[in-house]
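Chemist: One structure is given below, represented as structure tokens, and several questions about it will come after.
The values are calculated or read from the model by the stated rules, or taken from the named source; none is laboratory data. Treat the numbers as computed from the prediction; the structure is a model and nothing was measured. Cβ sites come from the backbone with ideal geometry, for glycine too, and all protein chains shown count toward neighbours.
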Amino acid sequence: MPDNLIQKAGESTWYVKLAVPADVQHVLGTKVFIRSLKTGLRKEAMDARLPYLTEWKGRIATARAAKAAAREQWRQELADKSSALDAVVDSRLLQAIKNPPKGIGGTESEIMARIEKLDRDRAEFLQWIQGFEERGAKGLTGEVINLFESPATSMVDAVQRIADITRNVTVQMTQHRYGLSSSEIAEATAITSEPASYKPTSPITKARLKNYREFREGRGGAPKHVDQQVGKMERLSDFLKNEGLPINFDTVDQWLKSLDRAPATLGQYLMAGTAFWKWAMKYDAGWREEYKDKVNPFTGHELPQGGGSETAGQDREIYKRADALKLHQAALDNNDKPLADLISLGWYTGARIEELCRLTKDSVITVDGIRCFDFPRSKSKASKRVVPIHPGLLLTIDRLREDSTDTFLIPTSSHDHYGKRSHAISKAFGRLRTAAGFSKLHVFHSFRHTVVTELIRADVPDHLAKELVGHDTDSVTHTVYSKGASAHQKLAAISKLPTLATK
């Protein structure tokens, strides 16, 4: 039945049929789906069957997802039952000690014999308890102990023994219902013994995050952006798991406070959470069932103003000439010549770190007799630009071109998996900056702030300064009609940057 079409004996009508997998037959309440297509023409039946097959396969997938989600809850379910049992046992033990019943049938030895019989006949006991659950009784607690609350001279041993049997059978029932492995059975036994020690696992499971990643990637999401979104959810999952918390508005609020991030960054975490929540509510059947009556816990949060981290709301600092010299010398002292050269390039161009790390021999061109950097487009249209090389940098560029082994001017030890050449050297700069005593408000991008500041202070026109560093201009005259400043004009402007003395 490769096309799922059948005809019953003696009938010309076509039927569509789909076998229900054994693992979800009890959930869907049938072993097979079958529906009359009300046509005797096979060609019509081939088209008519498709909506039914799509619906049925969807129901099977939903049932499997719900089953998988339910299985993930067995630990919490077991912990809840065990906690309830402990409460009842404590109450009955106290009652037995303070007010032992007398004179209503049965000796202590007879009671213990009944217990031992049930201990031997586990199958009967399991079936009996299962009957309680099927009739909607809440747990396996007081009902079990009430069976044996007989007037012995002392009930302490009886109550404790009954509780032990109940715990044992509860583990067996859980194992039977969810198909626990041997390691999970050991975990279940530990939970029944010490339910308070159990911390619920995060509902943001590895399997869900894997499905979420595949969904985002399948929709054309940029790898870096997908990694960032998934990474934020992994951090939330770890927080919920470590703290033993459910996912709701309050726990998300606790998580945000634990991050120590700037308000803008916290906003990104909330956006990542909302994106995951919307996906799960739409595409994850188990999640949809679990949280169908819940509101998105990532909305409605009031983020701190100017707080959240030690640098939140503060502007980046610029590097003064003495600062750049200090960093350059520190790099040389560490025998890190590429980092020292990168600092020089940052000082004389104000270019972004990745732009500088992508400069090659071919990026050095000559325009109107002036040697320039040809920066390709990176962040915006304005980032594609030609910038004259500062006179103080010419000898360094000649050396870098001569020493290059892979055409790149700045050698780097590694790339990240997004293809960024600046990843490793950016980390090295951060360590150098910290060791040199600069704050987190001093970053490599601060050289960009420095260059813009120096150009403005040197009376370089605003539009020309923007052209040199690759910033967009709001002027229609310059963006639409102008071809930009000449190489000579740009060289005159860039030459106004202070010379950085180097070895």
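Chemist: Starting from region 398-413, take each residue that is assigned by TED's automatic domain parsing to the domain that holds CYS357 and charged (D, E, K, R) and list its partners that are at pLDDT 90 or above and outside any loop (DSSP other than H, G, I, E, B), counting only C-beta distances under 7 angstrom and pairs at least six apart or across chains.
Modeler: Pairs that qualify, where the first residue is assigned by TED's automatic domain parsing to the domain that holds CYS357 and charged (D, E, K, R) and the partner is at pLDDT 90 or above and outside any loop (DSSP other than H, G, I, E, B), are ARG401/LYS361; ARG401/VAL364.
Chemist: Step by step: first the residues of region 34-64, then only those that are of a type in the set (Val, Ile, Thr) and touching a strand residue (DSSP E or B) at 6+ places or on another chain (Cβ under 7 Å), then the one that is nearest to LYS282 (Cα to Cα). Which residue is that?
Modeler: ILE34
Chemist: Could you run through region 178-229 and say how many residues are over 23 Å from the mean Cα position of the chain (by Cα), part of a helix (DSSP H, G or I) and aliphatic (A, V, I, L, M)?
Modeler: Residues meeting the conditions: 6.
Chemist: Separate question: I'm checking my understanding of the structure. Among residues of region 489-503 that are over 18 Å from THR453 (Cα atoms) and of a type outside the set (A, V, I, L, M, F, W, C), which one is modelled with the lowest pLDDT?
Modeler: The extreme case among them is LYS503.
So that you can scan it fast, the table gives a plain yes or no per residue for (1) closer than 24 Å to GLU454 by Cα; (2) touching a helix residue (DSSP H, G or I) at 6+ places or on another chain (Cβ under 6 Å):
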residue	(1), (2)
ALA331	yes, yes
ALA340	yes, yes
THR349	yes, no
ARG358	no, no
ASP368	no, yes
CYS372	yes, no
VAL386	yes, no
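Chemist: So which residues in region 257-303 are farther than 17 Å from VAL226 by Cα and among the polar types (S, T, N, Q), if there are any at all?
Modeler: Within region 257-303, SER258, ASN296, THR299 qualify.
Chemist: Inspect region 345-352 for any residue being surrounded by 21 or more Cβ atoms within 10 Å (Cβ to Cβ), in the same structural domain as ASP472 (by TED's automatic domain parsing) and among the polar types (S, T, N, Q) and give the result as yes or no.
Modeler: yes
Chemist: So which residues in region 259-273 are modelled with pLDDT of 90 or more and more than 11 Å from LYS232 (Cβ to Cβ), if there are any at all?
Modeler: Scanning region 259-273 gives a single hit, GLY267.
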